[in-house]
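Structure first, then comments.
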Amino acid sequence: MRRRTGWLVSVAAAVAVATGVVGYAVADGKGGPAYLKVPAAESADAGFARDMAVHHQQAVEMSYIVRDRTKDVEVRRLAYDIAQTQANQRGMLLGWLDLWELPKVSAKPPMAWMGMADAPVGEDGALMPGMATNTQLGRLGKVSGRQAEIMYLRLMIAHHKGGVHMAEGCVKRCVVGAERRLARGMVASQQSEIDLMTGMLKDRGATP
């Protein structure tokens, strides 16, 4: 299992490096007309950047919570990797909004850019599919050991599934090539982590 986790960390690091290069290309104005055209405020590009930044922030929060609730090296390593990767990606998404001089909040509901404006309004902090509720986060901060590990893995699997769904939406709808590439990288890396976490739950006698 440690070998699987180490391999995943290497993959995630490679994705982060690749997306960092992409982010530099965008900021540098290179890559053709697609990079020079600023997306509209309510475009899929802007909507994805806003919503995924919020989605990622909760993943970072959950990962730091579990880091302090367990001594298991494997879970702590995974949590650190998720926190670092998603914090970096969140910075890129917010940076693009700054570059485009677009607001970081929208008057429209979350996921409206995916045609999901009519979806039920999230409650208790779960603003988008896959996000944990404030109650669940509070409970995660009170349990420890294996109980914390299992709860974190279950919440993060659901969180990643919501993230994959959103990233796939950007791959289909976003116009900026760099953002589509970042979204494709998210789909691949988060699906790999879902598979890994499913195995980690099985090792702990639990299921997603």
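Checking the a/c ratio against 1.5 first, then a/b against b/c, what shape does the Cα gyration tensor give for segment 110-203? Because a/c hits 1.5 or more and a/b fails to exceed b/c, segment 110-203 counts as oblate. Accessible surface calculations at 1.4 Å, restricted to protein heavy atoms, place segment 152-202 at 35 Å² per residue.
Within a straight-line Cα-Cα reach of under 14 Å, residue 172 can be paired with the following aspartates and glutamates, leaving aside sequence neighbours fewer than 8 residues apart in one chain: 45. In sequence order, segment 104-114 has phi-based couplings of 8, 10, 10, 6, 7, x, x, 6, 4, 5, 9 Hz under the Karplus curve 6.51 cos²θ - 1.76 cosθ + 1.60, θ = phi - 60°, and Gly or Pro positions carry x. In this structure the amide hydrogen of residue 126, modeled in the peptide plane, comes within under 5 Å of the amide hydrogens of 134, none closer than 5 places in sequence on its chain. Residues in segment 50-56 carry Karplus couplings, in order, of 5, 5, 5, 4, 5, 4, 5 Hz; the curve used is 6.51 cos²θ - 1.76 cosθ + 1.60 with θ = phi - 60°, and Gly or Pro positions show x.
The values are calculated or read from the model by the stated rules, or taken from the named source; none is laboratory data. Keep in mind that what you see is a predicted model, and the values were worked out from it rather than measured. Note: accessible area is taken over every heavy atom of the protein model, side chains too, but ligands, DNA and RNA are not part of it. Shrake-Rupley method; radii C 1.70, N 1.55, O 1.52, S 1.80 Å.
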